[in-house]
Amino acid sequence: MKRMKKWLAGFMILSMVICLLSACGETAAPEGDSGYTIDNIRNYVVGIDEKMELANGSKKTVTNFDNAATTPALQPVADEVEEELKKYGSIGRGFSPKSDYSTDLYNSTRDKVLEFVGADPEKYTVFYVNNTTDGLNKLASALIEDKSDVVLTTRIEHHSNDLPWRENGTVIYAEVDDQGRVMYDEIEKQLKKNKVKYVSVTAASNVTGYVTDVHRVAKLAHKYGAKIIVDGAQIVAHRKFSMLGETEDENIDFFVFSAHKMYSPYGGGAVVGLTDVLREHMPKFYGGGTINIVGDDWVEYADAPKSYEAGSPNYPGVIGLGKAIDILEEVGFDNIEAHEKVLNQKLVDGLLKMDNVIVYGDSEDLSDRVGVVTFNFSDINTHLLAEQLSQQYGIATRRGAFCANPYVWRLYGLTDEEVRNFAECSDVNTPGMIRVSFGIYNTEEEVDYLLKVLPDAIKRAKKENEENLGLANPLY
């Protein structure tokens, strides 16, 4: 009897231990797609603990501060894509249960995108693109009817919201102020002076993180008979965006964004636009899926959105986009904004304590910035510094002019003629800044780590320069 009691007691203790270990396992590695928060989202980032070999031969997990370029995948997004591929069939024209299922999911995701940006389905439609650059090029090729059509944009823009308009129409620019912010008075000044057909502006800068008041710009554009296009690449994962303003004249006409900036790197993206305007135009992309019927020497094209989606669609990109929307909305954009402000402030405060540092943009008022901080040092080549951060410490940043050259040169104080001197230079000999861009999963501890190792990285970069390269500092 005593042996039996001892055995039962031991069994109960073992059962409790197993239960506790099981519970701990669930806490450490959450499963399923519910309960996504700022505090636990890091648990869902694919590869967050993957060790990579550094140039010094050691292996280390990467501290990723290059989220403005592209974000890592979230595991629930990858899981959703994998699950839906089991039922994948040809979109739109197949006769099979899988084709019907895939077509319905593909098209219903348009409704999710419309809801995500607060667009009225009676007025707006959605067509899918590979990324923001692809979307802006398609809009430019469709909406611009003549080289004389005038497009007003600003000097804060990414090349993707500049070059497509240059190639298709006539572009004029509103300047930025000495802190790099958009000047709304300059936008209205240009609208008064010129017959502008479209105003195209970024919702947030990929260089300084400044958020543009696009509804204010929309009101100005509509006042002078123009329509507004918004490059949303840098806003969709950071702030809640709505096509609707407080009044109808503040509404956005076209909005373009990428899924790979919002934790779904499957080549997805979307353009939300006025249905009646899109149906009046046709992009310079032709082929299967864009037509109603073709004769020997005539073509009848389909209406938007089909006319903007030539060829077989990127089904995984659309599925990933839809799931990413669900997750971001569950995390909550108010929470994302508050988190980014903490990280921005911590980094800027730490940088400003360092010698010879230059923080670009307004370093006192950070309230109108998404999670982006750019900086430089007047006594070190920052190409070498960025290399040291990567090779010695596993910290991923971006160094250069970030596909926003005219804006970066203005922040530098370089004239257009001075810039021409760098046309044939290698990257290391071209002026550039270091950019830290935050994702929803980055932590204060990671910012502390960057600030801790920066002084040693600077010493290493200077030593490399003195011993082997002899490069000038980047602030010409």
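The values are calculated or read from the model by the stated rules, or taken from the named source; none is laboratory data. What you are looking at is a predicted structure, and each value in this text was computed from that prediction instead of being measured. Neighbour counts run over all protein chains shown; Cβ positions are idealised from the backbone, glycine included.
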> Here are some residues: Leu389, Leu414. Which one is of a type in the set (A, V, I, L, M, F, W, C) and assigned to a helix (DSSP H, G or I)?
Replying inline: Leu389
> Only one residue in Phe402, Phe422, Phe375 is at pLDDT below 90, surrounded by 16 or more Cβ atoms within 10 Å (Cβ to Cβ) and either among the hydroxyl-bearing types (Ser, Thr, Tyr) or not in a helix (DSSP H, G or I) (or both), so which one is that?
Replying inline: Phe422
> Would you say Ile336 is out of contact with any Gly (no Cβ under 7 Å at 6 or more places or on another chain), more than 27 Å from Ala55 (Cα to Cα) and assigned by TED's automatic domain parsing to the domain that holds Leu85?
Replying inline: no
> Among (1) assigned to a loop (DSSP other than H, G, I, E, B); (2) hydrophobic (A, V, I, L, M, F, W, C); (3) loosely packed, with under 15 Cβ neighbours inside 10 Å; (4) not assigned by TED's automatic domain parsing to the domain that holds Lys240, which single condition is Ala68 missing?
Replying inline: (3)
>> The conditions are (1) crowded, with 22+ Cβ neighbours inside 10 Å; (2) closer than 24 Å to Gly232 by Cβ, and Ser102 fails exactly one of them. Which is it?
In response: (2)
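Tell me yes or no: at least one residue of the stretch 40-48 is within 24 Å of Leu105 (Cβ to Cβ), of a type in the set (Phe, Trp, Tyr) and not assigned by TED's automatic domain parsing to the domain that holds Thr397. Spell out the reasoning first.
Taking the stretch 40-48 first, the residues within 24 Å of Leu105 (Cβ to Cβ) are 44, 46.
Cutting the leftovers down to of a type in the set (Phe, Trp, Tyr) gives us 44.
If we keep only those that are not assigned by TED's automatic domain parsing to the domain that holds Thr397 too, we end up with 44.
Within the stretch 40-48 (the criterion being within 24 Å of Leu105 (Cβ to Cβ), of a type in the set (Phe, Trp, Tyr) and not assigned by TED's automatic domain parsing to the domain that holds Thr397), the answer is yes, since at least one residue qualifies.
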>> What's the total number of residues in the stretch 71-96 that are of a type in the set (A, V, I, L, M), in a helix (DSSP H, G or I) and farther than 30 Å from Asp448 by Cα?
In response: 3
> Are there any pairs with C-beta distances below 8 angstrom linking a residue in the stretch 400-413 that is outside the structural domain of Ser205 (by TED's automatic domain parsing) to a residue that is basic (Lys, Arg) and at pLDDT 95 or above, with the two at least 6 apart or on different chains, and if so which?
Replying inline: Phe402/Arg435; Pro406/Arg155; Tyr407/Arg155; Arg410/Arg155
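Yes/no matrix, rows are residues, columns are (1) at pLDDT below 85; (2) under 30 Å from His339 (Cα atoms):
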site	(1), (2)
Leu411	no, yes
Glu417	no, no
Ser426	yes, no
Arg435	no, yes
Ile440	no, yes
Glu466	no, no
> Residue check, Tyr441 against (1) without any contact (Cβ under 8 Å) to a residue 40 or more places away in the chain; (2) in contact with a helix residue (DSSP H, G or I) (Cβ under 9 Å, 6 or more places away or on another chain), all met but one. Which one?
Replying inline: (1)
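Could you say which residue among Asp362, Asp355 is touching a residue at least 40 places away in the same chain (Cβ under 8 Å) and either in a loop (DSSP other than H, G, I, E, B) or within 16 Å of Leu451 (Cβ to Cβ) (or both)?
Details: Asp355 fails: touching a residue at least 40 places away in the same chain (Cβ under 8 Å).
After ruling out the rest, the residue left standing is Asp362.
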>> Between a residue in the stretch 106-122 that is outside the structural domain of Ile325 (by TED's automatic domain parsing) and hydrophobic (A, V, I, L, M, F, W, C) and any residue that is exposed (fewer than 15 other Cβ atoms within 10 Å of the Cβ) and modelled with pLDDT of 95 or more, which pairs come within a Cβ distance under 8 Å, given they are 6 or more apart or on different chains?
In response: none
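This table checks each residue for (1) under 30 Å from Asp66 (Cα atoms); (2) basic (Lys, Arg).
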| residue | (1), (2) |
| --- | --- |
| Thr208 | yes, no |
| Val236 | yes, no |
| Lys240 | yes, yes |
| Leu244 | no, no |
| Thr247 | no, no |
| Thr275 | no, no |
| Lys284 | no, yes |
| Gly288 | no, no |
| Asp297 | no, no |
> Looking at the stretch 287-308, which of its residues are over 28 Å from the mean Cα position of the chain (by Cα), in a loop (DSSP other than H, G, I, E, B) and at negative phi?
Replying inline: Gly288, Thr290, Gly295, Asp296, Asp297, Trp298, Ala302, Asp303
